[in-house]
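Notes follow the structure.
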Amino acid sequence: MSESAEQHALPCLILGSGPAGYTAAIYAARAGLTPVMYTGPEPGGQLMITNDVENYPGYPEGIMGPQMMEDFKKQAQRFGTDVRFGMGTSVDLSSRPFKVTIDQAQEVWAETLIITTGASAKWLGLESEQRLNGRGVSACAVCDGFFFKNQDVIIVGGGDTACEEATYLSKLCSSVHMLVRKDSMRASQIMQKRVLDNPKIKVYFNTETLEVLGDDTVTGARLKNSATGEEFTIEATGFFVAIGHRPNTDIFKGQLDMDENGYLKTIPGATSTKIPGVFAAGDVQDSVYRQAVTAAGTGCMAALEAERFLAAQE
């Protein structure tokens, strides 16, 4: 590393711009760390495709996801966060300051790195699914289930998450149609039993989605039984996809510890990774809760830990 790179190392670099990233930026900026944030390919994260957010404290009337992220951004910038468009495409965390390459071109050096690159929902890959995303199609039952109170909904998936979300939806909705692609679920036995014993949940095995139906909002789905070849339609106003999330952690492979699904491992009760000075917050390290409010909480933790880390170096 050149002497000039060391001289120009940023005190705090944040990769990612969802609730975790912006909260980290607010705390870091107020602590005088002059944070620089690179937004990533989806500025604002998953909330940019969320219409109504009604479960975040402080918004009694609810708020549109994109507007909420704009508020977060303005608050971070108010305290001096330098928000830049760009995506981290490679990192060298072998020594401090850390080297991060942005958009495969620009090299940036940082004394501390806060990773808030989030996780992306896995989708079925249907044109109709993307077209109706946010208009009845959702990847988060806890976030959006309330909007389908006393209505009929569909959920796709056969794992623990799908079972959990189907059970959650059954408490709000009139009926839940659960589509499982194979002839059995991969969920744990206790979760399967909970679903199969629930009179409001009807499970369809060997079932794949051909098309989500609806012009402006979801009206149902066109399905196919892969065992018999029969095509049929279910009417519903909500279509939930629960086939998992993929953490955006590819550039950290081989440098940071991850679980079997690629989520970054942090020290229990903290956001510190195994590399001193590197912190991870939000959905990139949380496969359990995946809520805006929990992401914001860990963003706060990461900034406080970065501040303490830098103070200890002096």
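Among Ser170, Thr273, Val100, which residue has its Cα positioned farthest towards the positive end of the charge dipole of the chain, with +1 placed on the Cβ of Lys and Arg, -1 on the Cβ of Asp and Glu, and the dipole taken about the Cα centre?
Ranked along the dipole, the leading option is Ser170.
Which one of Leu47, Ala236, Thr112 has its Cα pushed farthest toward the positive end of the charge dipole of the chain, where Lys and Arg give +1 and Asp and Glu give -1 at the Cβ?
Ala236
When Phe240, Phe148 are ordered from fewest to most other Cβ atoms inside 10 Å of their Cβ, what list results? Mind showing how you got there, number by number?
Details: Phe240 27, Phe148 23.
Sorted ascending by nearby Cβ count, the order is Phe148, Phe240.
Give me the dipole magnitude in Debye, nearest 20, for the range 123-241 about the Cα centre, with unit charges on the beta carbon: positive for Lys and Arg, negative for Asp and Glu.
Details: 13 positive and 16 negative charges, 82 e Å.
Roughly 400 debye for the range 123-241.
Among the Cys residues of the chain, which have no other cysteine Cβ under 4.7 angstrom away?
Cys12, Cys163, Cys173, Cys300
Please work out whether the range 218-278 counts as rounded, prolate or oblate from its C-alpha gyration tensor, where a ≥ b ≥ c are the square roots of the eigenvalues and a/c under 1.5 means rounded, while otherwise a/b larger than b/c means prolate and anything else oblate?
In terms of gyration-tensor shape, prolate.
In nm, give the distance between the simple-model label positions of Asp257 and Arg186, each being 7 Å from the Cα along the Cα-to-Cβ direction.
In this crude label model, Asp257 to Arg186 measures out at 2.5 nm.
Which order do peptides 187-193, 296-302 fall in by mean Cβ count within 10 Å, highest first?
Numbers: 187-193: 14.0, 296-302: 24.6.
Highest to lowest by the protection proxy: 296-302, 187-193.
Name the GluC sites (Glu not before Pro) in the range 200-268 that are in a loop by DSSP and that have at most 13 other C-beta atoms within 10 Å, would you? Kindly include the intermediate steps, with their values, before the conclusion.
Working: sites: Glu208, Glu211, Glu230, Glu231, Glu235, Glu260; in loops: Glu230, Glu260.
Within the range 200-268, the qualifying GluC sites (Glu not before Pro) (loop, at most 13 other Cβ atoms within 10 Å) are Glu230, Glu260.
With charges only on Cβ, +1 for K and R and -1 for D and E, what is the dipole size of the range 67-179 about its Cα centre, in debye, rounded to 20? Intermediate results must be reported in sequence, preceding the final value.
Values: 11 positive and 14 negative charges, 54 e Å.
Rounded to the nearest 20 debye, it is 260 debye.
Compute the Cα gyration tensor for the range 123-241, then decide on rounded, prolate or oblate, letting a ≥ b ≥ c be the square roots of its eigenvalues: rounded whenever a/c is under 1.5, prolate when a/b is larger than b/c in the other cases, and oblate in all that remain. Intermediate results must be reported in sequence, preceding the final value.
Values: a/c = 1.66, a/b = 1.12, b/c = 1.48.
Oblate is the answer for the range 123-241, as a/c is 1.5 or above yet b/c matches or exceeds a/b.
Test of understanding: ordering Cys140, Cys12 by Cβ neighbours within 10 Å, fewest first, what list do you get? Write out the running numbers ahead of the final one.
Details: Cys140 17, Cys12 30.
Listing Cys140, Cys12 from fewest to most nearby Cβ atoms yields Cys140, Cys12.
If you put +1 on each Lys and Arg Cβ and -1 on each Asp and Glu Cβ, how big is the dipole of the chain around its Cα centre, in Debye rounded to 20? Could you put the intermediate results ahead of the total?
Working: 27 positive and 38 negative charges, 104 e Å.
Rounded to the nearest 20 debye, it is 500 debye.
What's the exposure ranking of Ile114, Ile275, going from fewest to most Cβ atoms within 10 Å? Before the final figure, lay out the partial values.
On the way: Ile114 33, Ile275 17.
Least to most surrounded, the residues fall as Ile275, Ile114.
What angle do you read, to the nearest 10 degrees and between 0 and 90, between the alpha-carbon axis of helix 160-170 and the longest principal axis of the chain?
Orientation of helix 160-170: about 60 degrees from the principal axis.
For labels at Ala311 and Arg131 in the simple 7 Å Cα→Cβ model, what's the distance in nm?
5.6 nm
With the cut-off at 1.5 for a/c, could you classify the chain from its C-alpha gyration tensor as rounded, prolate or oblate? Before the final figure, lay out the partial values.
On the way: a/c = 2.36, a/b = 2.03, b/c = 1.16.
Judged from the Cα gyration tensor, the chain comes out prolate (a/c at least 1.5, a/b above b/c).
In the structure displayed, which of Lys122/Lys149; Lys122/Lys253; Lys122/Lys200; Lys73/Lys182; Lys171/Lys265; Lys73/Lys171 lie more than 31 Å apart, Cα to Cα? Let's see the in-between values first.
Values: Lys122/Lys149 25 Å; Lys122/Lys253 20 Å; Lys122/Lys200 26 Å; Lys73/Lys182 43 Å; Lys171/Lys265 33 Å; Lys73/Lys171 35 Å.
Beyond 31 Å: Lys73/Lys182; Lys171/Lys265; Lys73/Lys171.
Every read-out reported here was derived from the displayed coordinates using simple, explicitly stated rules and does not represent laboratory data. Everything numeric in this text was worked out from a predicted model, so none of it was measured. Here Cβ is always computed from backbone atoms with ideal geometry, including for glycine, and neighbour counts include all displayed protein chains.
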